[in-house]
Amino acid sequence: MPETVLVTGGAGFIGSHTCVELLAHGYEVIVVDNHVNSSPHALERIAKTAGRPLTAAYRVDVRDRAALAQVFASHQVDAVIHFAAHKAVGESVALPVEYYDTNVGGTCALLSVMREHGVHRLVFSSSCSVYGDAQTMPLTELSPVAPTNPYAHTKLMCERILEDVCDHLVEMKVLALRYFNPVGAHPGGLLGEDPRGVPDNVMPYVAQVAVGRREVLSVFGDDYPTPDGTGVRDYIHVMDVAEGHRVAVEHLDDRTGMRVFNLGTGTGTSVLQLVAAFGEASGRPVPYRIVDRRPGDVAELVADPSAVAAAWDWTTTRDLDAMCRDAWRFQERNPHGYAR
Ligand code: UD1
C-alpha cells in the first residue's frame, strides 16, 4: 500500500481537499504546485484543517523536469496524484498552445521523471468534458468520447498517452478519474474554491453573488431540452471527489494497467435548481437573469457512477444541500477568498 503520495496541483481546489483527506488517513503528503492558479495560503490551511502538516511543499512547475527530479530524489514517493493543469474551457479556446503545453507536456514530464525514479502508481485527473455533447444519459465509461474544446482534448490526449505507457511498461498502475462538476468546500470553512478574477463556473459565481461581491448571476440559456430549460449537470461535493482519490490510491494495486472511472453522483441538477438550493442553504436569495446560451455549453451531463461503486464498494454521500451549505460557509468566512 502506498504510504507517501506526491500531489501535483496540491494547492488547487480539488488538490487541497484531497491533501486533507490523505493526511486524515495517515498518508505522508508532498505537494508540488507552481501557484499560477492557486494560493500558497491554501497550504497552511490544509495543515490546519487536517491537524497534521504536509511532509513537504515545493513551488515547482511540473514541466520543469530537473526541479521535479530533485523532488523525487529527496523523497521515497509511492504514488502520484496528478492534478496540476489548466482547466478553463473558454480560456483553452483562446490559449490552445498553453493548454497543450501545460496539460499534455506536464503529464509527459511527470511520467518520465516517475519512470526515472521507479514510481509506477498514478491517479490522473480527467474530466467528463471528454464525452462532449453526448446524446444518451447517463454517461458510462464506455460512452463515446468526443471532446469539443482544447481543454477536453488535452484530457483525452493524456488518457491516451497513459494507455500507451501502460501497454509499454507492464508495471504501471494508472487510474484516470473523469470528474463531473466538483463544487462545495471542506465543512471546516478554511478551504474552498477561490478562483482568480471573474469565476467561470456557476457555483463560485452564485456564492459571490450571495455574499454581495457580484450583483446578479447570468443564467446561460433557458431554452435547452431540459425540464426547466437550463443546463443540467452532475454536481459532486469536493469532499466526495477527495475521498474518491484516497480510495483510488488504496485500489491502485488491485491490478496493473490503465483503468478509467467516472466520478459523479448520478443526479442531474439544473442551474435554476442550484440557484434555489443555494438561496435556501445560505438564507440569501440569489438574483439572476436569463441571458443567451454560452457558446460550447451542452444541455446535460450526468454520470452513471455504478462502475466505481462496483469496483471499490464506494459511493458519494453528500447531497446538493451539503454542497451549497459548505460552499456558502467558505464564502461567508472568506468573502475575498484566500489572502493573496
Ligand atoms: C466545465 C467543463 C468541465 C470543467 C469545468 C471546470 C465542459 C462540458 N465541462 O464544466 O470539464 O472541468 O468546466 O472548469 O466543458 N452557468 C450559468 N452561469 C454562469 C456559469 C455557468 O448559467 O455564470 C451554467 C452553464 O451554462 C452550465 C452550468 O451552469 O449549464 C455549469 O457550468 P460550469 O460551472 O461552467 O461547468 P461546466 O461548463 O459544466
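Where a number appears in this text, it was derived from the coordinates with a stated rule and is not lab data. Only a predicted model underlies this, so the values are computations on that prediction, with no experimental measurement involved. Counting neighbours? That spans all protein chains shown, and the Cβs are built from the backbone with ideal geometry, glycine included.
Things worth noting here:
- Cut-off under 5 Å, modelled amide H: who pairs with A176 long-range: F124, R259, V260, F261
- The length gained on full extension between Q76 and R213, counted as 0.36 nm times the residue separation minus their Cα-Cα distance, comes to 44.9 nm.
- Annotation note: GluC sites (Glu not before Pro) in region 167-263 located in DSSP loop regions with a Cβ neighbour count of at most 16 within 10 Å are E171, E215.
- Summary value for region 4-333: 19 percent relative contact order, contacts being C-alpha pairs under 8 angstrom separated by 6+ residues.
- Over 25 Å [Cα-Cα, region 156-281], rounded percent: 41
- Residues with amide H under 5 Å from that of V32, placed H, sequence gap 5 or more: V7, T8, G9, G10, Y58
- Label point at H117 placed 7 Å out along Cα→Cβ; residues across region 158-186 whose backbone nitrogen lies under 19 Å: 171-175
- Positive contributions from Lys and Arg (+1) and negative ones from Asp and Glu (-1), summed over other residues with Cβ under 10 Å from the Cβ of K87, come out at -1.
- In this rough spin-label picture, where each label sits 7 Å from Cα along the Cβ direction, the E163-D297 distance is 3.1 nm.
- Dipole in debye (nearest 20) - region 4-333, about Cα centre, beta carbon charges: Lys, Arg +1; Asp, Glu -1: 740
- Using only alpha carbons, the chain has a radius of gyration to Kirkwood radius ratio (Rg to Rh) of 0.94.
- Chain lengthening between D321 and E3 when straightened (0.36 nm per residue, less Cα-Cα): 111.1 nm
- Each of L142, L6 was scored by other Cβ atoms within 10 Å of its Cβ. Arranged with the fewest first, they read L142, L6.
- Inter-label distance, nm, simple model (7 Å from Cα along the C-beta direction), R289/A69: 5.6
- The loop-placed trypsin sites (Lys or Arg not before Pro) in region 185-262, going by DSSP, that have at most 13 neighbouring Cβ atoms within 10 Å of their Cβ come out as R196, R255.
- Under 16 Å from the K48 label point (7 Å along Cα→beta-carbon), backbone N, region 298-340: 329-340
- Inter-site label distance for A276 and V93 at 7 Å from Cα along Cβ, in nm: 3.0
- Euclidean distance of C-alpha centroids, region 228-302 and region 85-160, integer Å: 18
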